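Below is one structure, written out as structure tokens; comments come after it.
The values are calculated or read from the model by the stated rules, or taken from the named source; none is laboratory data. Here the structure is a predicted model, which is why all the values come from computation and not from measurement. When we count neighbours, we look across all protein chains shown, and the Cβ atoms used for this are built from the backbone with ideal geometry, even at glycine.
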Amino acid sequence: MKTPMSPISSILPMSSSLNPSASMNFMKYFPLIILWYASALVTVTTSNILLSTSDTSPLLLTYLQLSLSTLAQYNFFQPLKDVLPNARREKGLGFSRFFPPLTLPPSRFLGNKERRQLSISTLSFLLGFLLTNYTFYLTSAAVTETVKTTEPVSTAVMSWWGGLEVFDLKDIASMGVTMLGVKLAVSTASAGGGAGGGAAGGTSYLAICAVICSNFAFSSRSVAMGKIRKSMDSKGEGVNGREIFYRMTHQGAVLLTPLVGIWGIWRLVKGWGSEEGLLQGVAAVRVIYTPLLTVLNVSLWLVYNSASTNLLTLLPPTTHALLNVLRRLVIIVGTSWWFRVAVLAEMGAKGWAGVLIAIVGMAAFKVGRVGGKESVRGKKVWL
């Protein structure tokens, strides 16, 4: 049975075949890619501002992004209407007509195998954003996104290990070029933070390690999505990206709710009895005093990640990661312009040279994979 397509599918396609000629037609996905890039730039910039100026916790910001975007999807996009007709209005399913249930009805399109991969994707997605927001707290968006240009490397390794894709010597050599570029880019930024450098200021080994761990988390998400796509294609069915993204944000918010509650109580108890400590305790909700910025951040976060998830249902994992490199270059340049001279000085000529070298490495990686051969272990990456 084919997955029903929504009216918006003509602009944001929800499913794809493994037909090589169809997958090569990137102009078909161009509006979705542009939407992804533009919304990501605003999301990253506002996240960095919230985490560096309002004493917002990375945990709280991640929770707001997941929970509020889940509410928006539930009330405006009806993501489960194809799964269980009229489920939104069915009595007893949710807390009310405006709030989703804690547990979702099973999808009639996803089997047990796909549901397991979706659980892996959800946990990886949650961990990836927790670590990313934490690095925005520690250092600048430009430095964070520069280190994140290595994500195709971790995606390639995990995708190969999972039997989805194969690579040749050119690919491996280009990974080395990418790593060299990233090393040059971050070496000049390790001494100080500058504007937009996060609440903690500067760039530390902890921040770099957190970014690398987030890379592996997002790579795990990409590979899990790739396996869902491959499994659904083998059945002759498409992938409903809207339903999958909703389930990911919903379950992520449910998982974080007790952690946020415990963390909030701990902050208040820690601050009990001292004026300074009390101020630290209520700082957890200071983000409420910047409602417009928070609404903008969450709204664009929803658009950005919805577009990214839909692209993952259309493209192989490492192809998506390569497009991510170009997106990160847009973010690096955009955030540097936003924070003016400070971030530009922080990166330095050597740092920007490293960014360019990393991009060249990724371009070579793409060229190497175009000529790849079929393998019993998996399909070539560039379909």
- [ ] Quick one: count up the residues across the stretch 160-174 that are in contact with a helix residue (DSSP H, G or I) (Cβ under 7 Å, 6 or more places away or on another chain), part of a helix (DSSP H, G or I) and surrounded by fewer than 20 Cβ atoms within 10 Å (Cβ to Cβ).
- [x] 1
TODO: Report, by residue number, each residue of the stretch 129-144 that is over 10 Å from Leu51 (Cβ atoms) and not aliphatic (A, V, I, L, M).
DONE: Phe129, Thr132, Thr139, Ser140, Thr144
- [ ] Could you identify the single residue in Val157, Val260, Val182, Val254 that is part of a helix (DSSP H, G or I), at pLDDT below 75 and within 21 Å of the chain's Cα centre (by Cα)?
- [x] Val182
TODO: Any residue in the stretch 89-106 that's at negative phi: show its pairings with residues that are of a type in the set (A, V, I, L, M) and modelled with pLDDT of 70 or more at Cβ separation under 8 Å, as long as the two are six or more apart or on different chains.
DONE: Phe98/Leu71; Phe99/Leu71; Pro100/Leu71; Leu102/Val254; Leu104/Leu80; Pro105/Leu80
Open item on the list: Can you tell me which residue is surrounded by the most Cβ atoms within 10 Å (Cβ to Cβ) among those in the stretch 117-151 that are part of a helix (DSSP H, G or I) and among the small types (Gly, Ala, Ser)?
Closed with: Ala142
Open item on the list: Any residue that is aliphatic (A, V, I, L, M), at pLDDT below 65 and surrounded by 16 or more Cβ atoms within 10 Å (Cβ to Cβ) - is there at least one of those in the stretch 95-116?
Closed with: no
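Okay, residues lined up against (1) assigned to a helix (DSSP H, G or I); (2) over 27 Å from Gly111 (Cβ atoms); (3) modelled with pLDDT of 60 or more:
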{"site": "Met27", "(1), (2), (3)": "yes, yes, yes"}
{"site": "Phe30", "(1), (2), (3)": "yes, yes, yes"}
{"site": "Leu35", "(1), (2), (3)": "yes, yes, yes"}
{"site": "Ser39", "(1), (2), (3)": "yes, yes, yes"}
{"site": "Val42", "(1), (2), (3)": "yes, yes, yes"}
{"site": "Leu61", "(1), (2), (3)": "yes, yes, yes"}
{"site": "Tyr74", "(1), (2), (3)": "yes, no, yes"}
{"site": "Arg88", "(1), (2), (3)": "yes, no, no"}
TODO: Quick one: in the stretch 187-213, of everything that is under 21 Å from the mean Cα position of the chain (by Cα) and at pLDDT below 70, which residue is farthest from Ile357 (Cα to Cα)?
DONE: Gly198
TODO: Take the stretch 312-361 and flag every residue that is modelled with pLDDT of 75 or more, in contact with a Gly (Cβ under 7 Å, 6 or more places away or on another chain) and among the small types (Gly, Ala, Ser).
DONE: Gly354, Ala358, Gly361
- [ ] Evaluate the stretch 140-147: report whether one residue or more is at pLDDT 80 or above and over 15 Å from Met362 (Cα atoms).
- [x] yes
